[in-house]
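The structure appears right after this line, and notes come after that.
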């Protein structure tokens, strides 16, 4: 599988070098083509070095860290005597963040 990917990438680079030689256009078009070839090379190297799996693992770890922290913060706020003051602010912030159909979740906070 990996060898096939390398062969396809090598064919793409050879095809790109041929199209670069045949381009005889103005500078803005040449800059756009160069930028797109750099973007393609960046994606190719990201796949080669498995950067997307690393990003997926980092996102998963951050979710696993953030959710318990929010639970602890909620428990601390619930034990506070000034919790009623913060309920309005929290429900307003959740109303801005959550999608339109989630009014039941926001109304659950308002006793």
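Throughout, read-outs are computed from the coordinates displayed, never taken from laboratory work. What you are looking at is a predicted structure, and each value in this text was computed from that prediction instead of being measured. Ideal geometry is used to build each Cβ from the backbone, glycine not excepted, and the neighbour counts take in all protein chains shown.
Details
- FRET efficiency for residue 50 and residue 29, using Cβ-Cβ distance with R0 set to 41 Å, rounded to 0.05: 0.75
- From least to most packed, judged by other beta carbons within 10 angstrom and beginning with the fewest, 50, 27 follow the order 27, 50.
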